[in-house]
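Student: Please see the structure below; I have some questions.
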Amino acid sequence: MTLRLPGPGDTLRLGRALALALAARPGARTLLLSGGLGAGKTTLVRGLVEALPGGDNAEVSSPSFNICNMYPTRPETAHYDLYRLEPPPGVTHAAADDALLDLLETEGPRRALVIVEWAERLPADVLPPDRLELTWLPAAHGRLITAIARGEAARRVLDATAREVADLVAPETGAAPATQAAAQEDRENT
């Protein structure tokens, strides 16, 4: 699915819709965000965290320097930013810290919601099978996001979110080859 976000208010609104869908579906608690600097990843997280119970007590900011911010929401939110984690020479992915790996490995309904910015720096073998991936793409105006649900719980979250922000969902004019390949891979893995 592709979402067109004309302005920052739409990014916040998408975050709020995701919060409602994620809180209602405890099986899907991993949100992976990829995109360049200033794309709007932290803005989306701000909208999401502020919409969760307890989020009014959270000061959402990019955890670029301390790698992780924990927010007192229900469910608790672990917000990671892997921008500063550089992979060693000759390695394509950065080494994530043990706390993040523990959160990603948790089976079944998870206590914490895990959000990872710069998720493309994570090795594929540590990703949970049920996750939602949002990728910011270059756009002439506003923001353009490709959303991929991996696993049944993530599909339900994405479907519920799409219903809440139907006006932001771009009409399908034929999926891009990368999106088609990811969708085919997901169908084969489920």
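Per-residue answers, yes or no, for (1) closer than 26 Å to residue 55 by Cβ; (2) at pLDDT 85 or above; (3) among the hydroxyl-bearing types (Ser, Thr, Tyr):
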| site | (1), (2), (3) |
| --- | --- |
| 90 | no, no, no |
| 93 | no, no, no |
| 96 | yes, no, no |
| 104 | yes, no, no |
| 118 | yes, yes, no |
| 122 | yes, no, no |
| 130 | yes, yes, no |
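Student: So if I check each of 142, 151, which one is open to solvent by less than 40 Å² (accessible area, probe 1.4 Å), touching a helix residue (DSSP H, G or I) at 6+ places or on another chain (Cβ under 9 Å) and modelled with pLDDT of 90 or more?
Tutor: 151
Student: From 17, 39, 28, which residue is of a type in the set (Gly, Ala, Ser), under 23 Å from residue 141 (Cβ atoms), in a loop (DSSP other than H, G, I, E, B) and touching a residue at least 12 places away in the same chain (Cβ under 8 Å)?
Tutor: Only one candidate passes the filter, namely 39.
Student: Could you check the stretch 1-31 and list, in sequence order, the residues that are in contact with a strand residue (DSSP E or B) (Cβ under 7 Å, 6 or more places away or on another chain), modelled with pLDDT of 90 or more and open to solvent by 10 Å² or more (accessible area, probe 1.4 Å)?
Tutor: Correct list: 1, 2, 4.
Student: Also, quick follow-up: Given the condition of a type in the set (Asp, Glu), under 25 Å from residue 153 (Cβ atoms) and either surrounded by fewer than 22 Cβ atoms within 10 Å (Cβ to Cβ) or free of Cβ contacts under 8 Å to residues at least 60 places away in the same chain (or both), answer yes or no: does some residue in the stretch 44-51 qualify?
Tutor: Checked against the condition, which is being of a type in the set (Asp, Glu), under 25 Å from residue 153 (Cβ atoms) and either surrounded by fewer than 22 Cβ atoms within 10 Å (Cβ to Cβ) or free of Cβ contacts under 8 Å to residues at least 60 places away in the same chain (or both), the stretch 44-51 yields at least one hit.
The values are calculated or read from the model by the stated rules, or taken from the named source; none is laboratory data. Please read these numbers as outputs of a predicted model, since none were measured by experiment. Glycine gets a Cβ as well: all are built from the backbone with ideal geometry, and neighbour counts include every protein chain shown. The protein model used for the area step is the full one, side chains on, heavy atoms only, and it has no ligands, DNA or RNA in it. Shrake-Rupley method; radii C 1.70, N 1.55, O 1.52, S 1.80 Å.
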